[in-house]
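Worksheet for the structure shown next.
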Amino acid sequence: MCGASPRSRPPWATASERASAPEEVLSAALNELLVGRSDRFPALASALASGATGGANQAREFGLERILDGLEALIDRRAAR
């Protein structure tokens, strides 16, 4: 990204420059993309707001819960066949 103008860089570039952990990079990038759009994506805005104070452990817990929810749905679909 050396020499790239701020307009040509993707929105997450500035977030990744300020953040070091992957969770921080993702959170910062999503927050930047969400600016002015939280009314269109209220669930995402709420999830990001609640995760802002919880740190990496909360992010891992949230991700694990979504994975387990997906596995549960897959098992339920296969059992219904």
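The values are calculated or read from the model by the stated rules, or taken from the named source; none is laboratory data. Every value quoted in this text rests on a predicted model; they were computed, and no experiment measured them. Here Cβ is always computed from backbone atoms with ideal geometry, including for glycine, and neighbour counts include all displayed protein chains. Heads up: the accessible areas ignore ligands, DNA and RNA and are worked out on the full protein's heavy atoms, side chains in. Shrake-Rupley method; radii C 1.70, N 1.55, O 1.52, S 1.80 Å.
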Legend entry - Counted charge near Leu68, where neighbours are those whose Cβ lies closer than 14 Å (Asp, Glu -1; Lys, Arg +1): -3
Legend entry - Backbone HN-Hα couplings from phi across region 29-46 [Karplus 6.51/-1.76/1.60, Hz, Gly and Pro as x]: 5, 5, 4, 5, 6, 7, 3, x, 10, 4, 5, 7, 10, x, 5, 5, 4, 5
Legend entry - Computed label-point distance, nm, for sites Asn57 and Glu72 using a 7 Å Cα→Cβ extension: 2.3 nm
Inset, instruction - Quote the accessible area belonging to Leu71 in square angstrom, nearest 10, computed with a 1.4 Å probe and with ligands, DNA and RNA left uncounted. - result: 90 Å²
Legend entry - Inter-probe distance in nm under a simple model that places probes 7 Å from Cα toward Cβ, at Arg81 and Asn31: 4.4 nm
Inset, instruction - Quote to one decimal, in nm, the extra length available between Ala43 and Ala21 on full extension: 0.36 nm per residue of separation minus the C-alpha distance between them. - result: 5.6 nm
